[in-house]
Amino acid sequence: MTLAPGTSRRDLLKVTAALAAGAAVTSCADPESGGGGGSSDSTTLSVGLFEIPVGYAPLYSNSQNVRWVTDPATDSLLTHDRSGRLVPQLAAAAPVAGPGGLSWTVRLRKGVRFHNGDDLTAEHVAASFNFIPGSRGKSQFLSLLAPWFRRAVAVGDDTVRLELAMPYGILPDQLARIPVSHKDFLGDKAELVASGPFRIDKVVTGQSMRLTRFDGYWGAEPALRTIVMTSVPDPSTRLVNLREGRIDIATGVQPVDAAGVRKDKSLRLHEIQGTGGVRAMMNMTREPFDNADFRRALAHAMDREGVREAVFHGEATLAQGPLGPNVVGHEPSYRPYGAGPDLEQARNLFARSGASKDLTFKIMVSTSGAARDIAQVLADNWSALGIKVTLDVADPANWNRRWLVRDYDMSLTVQEYGLVGGTMPLSQLTVYRAASRQNPGHRDPAFDRDFARLFATGDAAERTRIAADLNRSLTAAAIELPPVYPKLLVARRAGVEGIDERALTLGRLNLRGVRVSGG
């Protein structure tokens with residue numbers, strides 16, 4: 001193809017990708033028609049999601065909505081198999097650490113092509129990694145990777161060297177979470193050219209996305225030909241669509257609906273205790289949240305069992321600290337606080353704190369129903385101490401802005417951590433470093449020292465011990481007060497097989513091995 005004057009290679013790549021995608025569209029169901037309904041077509045899978053993001057470049061965002069629609073189209077250097085073992089994906093072998101753990105070298109798999117036909121080279125991989133710190137203020141991966149990462153260097157066509165500012169023993173695990181894209185499309189929020197087994201071929205903005213099988217994929221060919229992602233914001237409507245066969249998988253099943261799904265013989269329910277949790281943080285730069293006795297009083301007055309039943313209908317595990325089940329450092333036997341409130345202990349601590357008996361404060365919550373419902377239960381719990389607690393509801397953008405500048409008394413949200421941290425307590429603990437922008441006022445040099453040791457070491461047993469110690473320090477001082485660790489609920493039609501439950505524990509929706517039968 002000859003380039004017209006003024007046409008860049010980037011423009012040519014876009015045209016090539018569009019033409020290739022167009023050729024694949026002609027034989028596929030149209031997202032606008034709700035194609036792929038139920039089990040009528042064994043090569044098409046229809047998935048109902050809360051939303052189809054307008055921007056879906058995966059390196060810009062680690063949100064679940066973005067990753068769930070882009071995972072079928074993207075590969076990473078490493079991945080986890082169904083047993084949870086770390087295995088090469090775009091890498092040809094396990095990465096090799098350099099002297100002092102300040103670099104890692106990765107040799108790439110040969111014969112990998114992007115969706116537009118270009119070969120995968122070390123230059124593309126290096127660009128993907130360098131884009132993360134280079135997009136300051138834009139990429140949500142930045143705050144988690146930046147303290148360790150310096151740069152990525154292409155060493156020839158098939159080798160990448162990742163250079164670090166300090167040792168980062170969990171880097172191999174992180175390589176399973178960072179998708180690799182074509183270097184000429186990294187900055188496009190609504191353009192994705194990657195190397196996964198499916199490619200995005202049609203998007204109806206905010207409504208639906210269709211992915212079709214990429215016949216040039218280097219790995220095993222998936223059974224599905226087409227995946228249709230559809231935005232169905234209302235969870236009750238998603239379930240109706242699932243029962244009627246309009247979709248095959250419904251994500252975000254509400255706990256109140258779980259019992260009904262279990263009773264429906266045409267459906268199956270996946271109840272996953274993942275790595276997510278309720279982030280309940282107090283602004284320790286404000287009184288009386290800077291007082292450990294006051295914080296412990298709140299912890300002992302909390303009705304964790306009440307939150308689990310009233311808000312999650314039993315679909316959650318009682319919490320003690322920021323590290324939940326399936327996270328390195330979680331200790332099931334560590335239970336400094338009861339399932340129900342201990343008001344005698346709470347009142348003693350409240351009195352010892354010297355806090356005002358007519359104290360009032362606000363819990364800042366987002367507009368999501370679960371966060372508001374949890375906050376309301378906690379407000380009722382703490383009224384037993386004579387504290388008047390009200391809800392401060394903020395839209396997501398305003399919530400994030402205020403969280404960053406500590407414009408809150410207490411903040412509460414429901415979060416999924418596994419997309420970035422996996423089973424490592426990266427997101428849960430990073431905010432408590434003194435250098436973190438999200439730090440709520442926690443200052444502890446010993447914590448910062450042990451945090452650095454936690455992620456520097458390559459010894460799994462040492463990591464577990466350090467993480468457990470850090471979790472205990474935050475929990476014993478009631479620095480973070482999650483009442484429960486919620487479960488992830490996903491429903492499917494009985495004829496859908498091959499859901500990867502291990503991926504769901506990490507907040508991922510792996511559809512590569514899914515098959516649809518006529519059941």
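What area, in nm² and to one decimal, does the C-alpha convex hull of the range 225-271 cast on average over all directions?
Details: hull surface 14.4 nm².
Projected over every direction and averaged, the Cα hull of the range 225-271 covers 3.6 nm².
By how many degrees, between 0 and 90 and to the nearest 10, does the Cα long axis of helix 292-301 differ from the longest principal axis of the chain?
80 degrees
Any number yet on Rg/Rh for the chain, C-alpha, Kirkwood? Kindly include the intermediate steps, with their values, before the conclusion.
On the way: Rg = 23.9 Å, Rh = 24.3 Å.
In the chain, Rg relative to Rh is 0.98.
Quick check: convex hull of the Cα atoms in the range 40-165, volume per residue, rounded to a whole Å³? Write out the running numbers ahead of the final one.
Working: hull volume 19.6 nm³, N = 126.
Each residue corresponds to 156 Å³ of Cα convex hull volume.
Order Glu123, Glu221 by their accessible area, 1.4 angstrom probe, all chains in place, largest first.
Values: Glu123 105, Glu221 135 Å².
Order by accessible area, largest first: Glu221, Glu123.
Near the amide H of Val484, under 5 Å away, which other amide H atoms are found, from residues 5 or more places off or on another chain, if H is placed in the peptide plane?
Amide H neighbours of Val484: Val278, Ala319.
Rounded to a whole number, what % of the accessible area of the range 105-248 do carbon and sulfur atoms account for, probe 1.4 Å? Let's see the in-between values first.
Working: 2400 of 5410 Å².
Answer for the range 105-248 is 44 percent, counting heavy atoms of protein chains only.
In square nanometres, what is the average projected area of the Cα convex hull of the range 139-230?
Numbers: hull surface 32.0 nm².
If I average the Cα hull's projected area over directions, I get 8.0 nm².
Rounded to whole Hz and in sequence order, give me ³J(HN,Hα) for the range 340-357 from the Karplus expression 6.51 cos²θ - 1.76 cosθ + 1.60, θ = phi - 60°, writing x for Gly and Pro.
Calculated HN-Hα couplings, in order: x, x, 10, 6, 5, 5, 4, 5, 4, 5, 4, 5, 5, 5, x, 5, 4, 6 Hz.
Roughly to the nearest percent, how much of the accessible area of the range 365-510 is carbon and sulfur, given a 1.4 Å probe? Kindly include the intermediate steps, with their values, before the conclusion.
Working: 2420 of 5110 Å².
Roughly 47 percent of what the probe reaches on the range 365-510 is carbon or sulfur.
Whats the longest run of the chain with zero trypsin sites (Lys or Arg not before Pro) that are DSSP loop and have at most 14 other Cβ atoms within 10 Å? Walk me through the numbers before you get to the answer.
Details: sites that count: Arg82, Arg85, Lys110, Arg136, Lys265, Lys357, Arg437, Arg443.
The segment 137-264 is the longest one with no such site.
Kindly write out, for the range 314-319 in residue order, the coupling ³J(HN,Hα) from the Karplus curve 6.51 cos²θ - 1.76 cosθ + 1.60 (θ = phi - 60°), rounded to whole Hz, with x marking Gly and Pro.
x, 8, 6, 10, 4, 9
³J(HN,Hα) across the range 403-418 via Karplus (A = 6.51, B = -1.76, C = 1.60, θ = phi - 60°), whole Hz, x for Gly/Pro?
Taking θ as phi minus 60°, the curve returns 4, 5, 9, 6, 9, 7, 8, 9, 10, 9, 8, 9, 10, 10, 9, x Hz for the range 403-418.
Hey, can you grab everything whose amide H is under 5 Å from the amide H of Ala92? Only 5+ residues off in sequence or another chain; H modelled, so Pro and N-termini drop out.
Under 5 Å from the amide H of Ala92: Arg107, Leu108, Arg109.
Once you keep just the Cα pairs under 8 angstrom separated by 6 or more residues, what percentage relative contact order results for the chain? Working shown, then result.
Values: 1134 pairs, mean separation 106.9, N = 519.
Relative contact order of the chain: 21 percent.
Just from its helices, what would the mean residue ellipticity at 222 nm be for the chain, if runs of 4 or more DSSP H residues each count -39500 (n - 2.57) and the sum is divided by every residue, rounded to the nearest 500 deg cm²/dmol? Working shown, then result.
Values: 17 runs with 156 residues, N = 519.
Helix contribution divided over all residues of the chain: -8500 deg cm²/dmol.
Write down the radius of gyration of the range 308-419 and its Dmax, each obtained from C-alpha positions, in Å.
Values for the range 308-419 (Cα only, Rg and Dmax): 15.5, 42 Å.
What is the range 208-336 by shape, rounded, prolate or oblate, if you read a ≥ b ≥ c off the alpha carbon gyration tensor as root eigenvalues and call it rounded for a/c under 1.5, prolate for a/b larger than b/c, and oblate otherwise?
Numbers: a/c = 2.57, a/b = 1.92, b/c = 1.34.
Cα axes put the range 208-336 in the prolate bin.
Is the C-alpha gyration tensor of the range 348-390 telling us rounded, prolate or oblate? Criteria: a/c under 1.5 is rounded; beyond that, a/b larger than b/c is prolate, otherwise oblate.
Details: a/c = 3.06, a/b = 2.44, b/c = 1.25.
It comes out prolate by the Cα gyration axes.
Could you tell me which of rounded, prolate or oblate describes the range 365-519, using a ≥ b ≥ c as the square roots of the eigenvalues of the alpha-carbon gyration tensor, with rounded for a/c under 1.5 and, failing that, prolate when a/b is larger than b/c and oblate otherwise? Let's see the in-between values first.
On the way: a/c = 2.18, a/b = 1.23, b/c = 1.77.
Oblate, because a/c is 1.5 or more while a/b does not exceed b/c.
Show the residues, 5+ positions off or on another chain, whose built amide H is closer than 5 Å to the amide H of Arg113.
Under 5 Å from the amide H of Arg113: Leu120, Trp218.
State, as an integer percentage, the relative contact order of the range 166-296 based on alpha-carbon contacts under 8 Å between residues 6 or more apart.
Numbers: 96 pairs, mean separation 13.2, N = 131.
Contact order relative to length: 10 percent.
The values are calculated or read from the model by the stated rules, or taken from the named source; none is laboratory data. All of these numbers come straight from a predicted model, not from anything done at the bench. Every residue, glycine among them, receives a Cβ derived from its backbone with ideal geometry; neighbour counts consider all protein chains shown. These accessible areas exclude ligands, DNA and RNA; they are computed on the full protein's heavy atoms, side chains included. Shrake-Rupley method; radii C 1.70, N 1.55, O 1.52, S 1.80 Å.
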